[in-house]
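In what follows, a structure is listed as structure tokens, so that the remarks can point back to it.
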There are 2 protein chains.
Amino acid sequence: MRAFIPLTLLATMASAQTPPTPAPKKMTPNEIVAAAPPSAWKAIPAKDLLVMTLAGGGKVLIQLAPDFAPVHVANIRRLAMSTYWRGSSVYRVQDNYVAQWGINEVKRALPPGVIERPPHEYWRSAAGLSVTPLGSPDPYARSVGFAGGWPVALYADGNASLTHCYGTVGVGRELHPDTGSGVELYAAIGHAPRQLDRNIAIVGRVVSGIERLASLPRGTETMGFYKAGSVAKPIINVTLASAIPAARRPAFEYLDETSPAFAAYVHRRQNRDDDFYRLAAGGVDLCNVQVPVRAKPA
Amino acid sequence: MRAFIPLTLLATMASAQTPPTPAPKKMTPNEIVAAAPPSAWKAIPAKDLLVMTLAGGGKVLIQLAPDFAPVHVANIRRLAMSTYWRGSSVYRVQDNYVAQWGINEVKRALPPGVIERPPHEYWRSAAGLSVTPLGSPDPYARSVGFAGGWPVALYADGNASLTHCYGTVGVGRELHPDTGSGVELYAAIGHAPRQLDRNIAIVGRVVSGIERLASLPRGTETMGFYKAGSVAKPIINVTLASAIPAARRPAFEYLDETSPAFAAYVHRRQNRDDDFYRLAAGGVDLCNVQVPVRAKPA
């Protein structure tokens, strides 16, 4: 028994003489992104793009976030330019949590200019940030939204932080705060571990190749560390896109959160009423709205 | 400059004659779970435990949810008991989304009693559900919490649904609703795709071995399907724990959401103030509070 008849169906029934015009197919979020005009895309500067090459040749590209963690990002740029990570490895993969890489245990001398104990940079003042609100409630912060292409959280104390979403890259540290220089990095490979927000320095996000980390075998030791002597995934090298000759340099861009296309994308993510769906939620959580990023079209 | 001195520190300063007692180390969520008494754990019935054996011998264990999708679960039990999935495969792995398995494309005759088009079972009435609230806001539903060991969402229309969290198992279907019988199943292997809630039948969750699915190579075709002819991950068999001789039968249990241990666990997940953390969020999202499940201690 179905007591409720949708109004649109009633309208169709009333005008049964004329064949009903089928409602236009609603675009999926991906279709909205694909249809965004070139003006809606913003280039990621080459000096903000870290290129990590894994054994086998697969690449993981990471966009750095100098507006949120300037000292850590400066460290990371220096480490990359000095080939610090040549011959390092992904040595920890914990299911539904993180993949972590660097040198681990063995200590290499830091290249000149790298600050061993940077300020924490776990948050910054929200002043000066232009935030496009998500418009859905958030369990971790007063409000959330997007700024400069990044998902951000705003807190009651007037501060803002980047957020741990799938693909977010942060700085490994010891128990004591302010102990991470950037030599050990991790990427989130599971459900967003937002409890880490404001507790660790976020320095960027994987914009291409996260599946190369997320599909690695999980480590069998505590916290997903690989067993000593087992084959961790070797890292051939890490460099900056700006150091790669222009002809071979990767170029990426993100969808500007102030564009109409981005607004339409978020709206559809909040209200999935495209073909597959029966009931739209009317809301979405921040980390379920990944900022669209793509290789710059030729 | 630090103008703010915590009260506890002031108290310590006032009684400087006696050496300060170090604050007891706060337990992590995992430590709280490990310390829960046996009475806080509830057995998962053997008839609700699906045992999937992958090529190589690795097992994926799935707890079924008959209180939420009884017809689909009955189908799945019958399919398992008839060895329907013997020689099937994981044929789709989409990064940050799902791993999907079954027969795909090729159609096998359904065993007797399996209903080809079950009712949708995308939600149920909240009446009769005893829900322990999470106590943090949710972007997708009016409120969320736990019932019978499951994460659940409650909606304004008086209905409730299970939620798509990491490890949630649902029934693959075509574009048209009510087209999934349970022969094709998927597990969420990335950030919670909660937009699927109430749009697809959730039939259970992986309680052991999700990493075997989450670390599979991603499919290179649209939506993560494996390329035709490429090696999908073969499934040796799927059966029910209740059909396995008692001596070899796996037994699992979950932490009762009405127990004090569960309350303490949720509280710490919302307020990470154990050693590693500097700032507790004061909230957490539903899918970042996985219901603890463990193999029953011998």
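Values quoted throughout were computed directly from the atomic coordinates according to the rules given, and no laboratory measurement underlies them. It should be emphasised that the depicted structure is a prediction, and the values quoted were computed from it without experimental measurement. In this analysis, Cβ positions are derived from the backbone assuming ideal geometry, glycine residues included, and neighbour counts consider all displayed protein chains.
Of note:
- Relative contact order %, chain B, counting alpha carbon pairs below 8 Å whose residues are six or more apart: 28 percent
- 18 Å Cα-Cα reach of B:Lys59 towards lysines, excluding residues that sit fewer than 8 places from it in its own chain: B:Lys47, B:Lys233, B:Lys296
- Gyration tensor verdict on region B:203-289 (Cα atoms; rounded if a/c is under 1.5, prolate if a/b is larger than b/c, oblate otherwise): oblate
- Spatially, region B:268-295 and region A:229-288 are offset by 26 Å when compared through their Cα centroids.
- Taking chain B as a Gaussian network of alpha-carbon nodes connected by springs under 10 Å, the highest mean-square fluctuation of the residues B:Leu154, B:Leu50, B:Leu216 belongs to B:Leu216.
- Footprinting exposure proxy for A:Arg278, B:Arg78, B:Arg117 (fewest neighbouring C-beta atoms within 10 Å first): B:Arg117, A:Arg278, B:Arg78
- Centroid-to-centroid, using Cα positions, region B:87-124 and region A:152-227 are 34 Å apart.
- Placing R0 at 35 angstrom, the Cβ-Cβ distance between B:Lys227 and B:His176 gives a FRET efficiency of 0.85 after rounding to 0.05.
- Take A:Arg249, push a point 7 Å out from Cα through the beta-carbon direction, and compare it with the same point in every other copy: 6.6 nm, smallest first.
- The residues packed around B:Gly145, meaning those with a beta-carbon under 13 Å from its beta-carbon, carry a net charge of -2 if Lys and Arg are +1 and Asp and Glu are -1.
- Scanning chain B for the Cβ atom closest to the axis that brings B onto A yields residue and whole-Å distance B:Pro137, 2.
- Normalised by residue number, the volume inside the convex hull of the Cα atoms of region B:33-159 is 187 Å³ per residue.
- Of the two radii for the protein assembly as shown, the radius of gyration is 0.97 times the Kirkwood radius, both from the alpha carbons; that is the Rg over Rh value.
- With the label put 7 angstrom out from Cα along the Cα-to-Cβ vector, A:Lys42 ends up 4.9 nm from the copy partners, going from closest to farthest.
- Dipole-positive endmost among A:Phe68, A:Leu175, A:Ser208 within region A:45-248 (Cβ charges, Cα centre): A:Ser208
- Pairwise label distance in nanometres, B:Lys26 with A:Arg249, each label 7 Å out on the Cα-Cβ vector: 4.6 nm
- Residue with peak Gaussian network fluctuation, chain B [Cα springs, cutoff 10 Å], from B:Gly204, B:Gly229, B:Gly219: B:Gly229
- Prolate/oblate/rounded call for chain B, Cα gyration tensor, a/c under 1.5 rounded: prolate
- Compactness of region B:104-145 as Cα Rg over 2.2 N^0.38 Å, two decimals: 1.95
- Net length available on complete extension from B:Ala127 to B:Ala298 is 57.9 nm, with 0.36 nm assigned per residue and the Cα-Cα distance removed.
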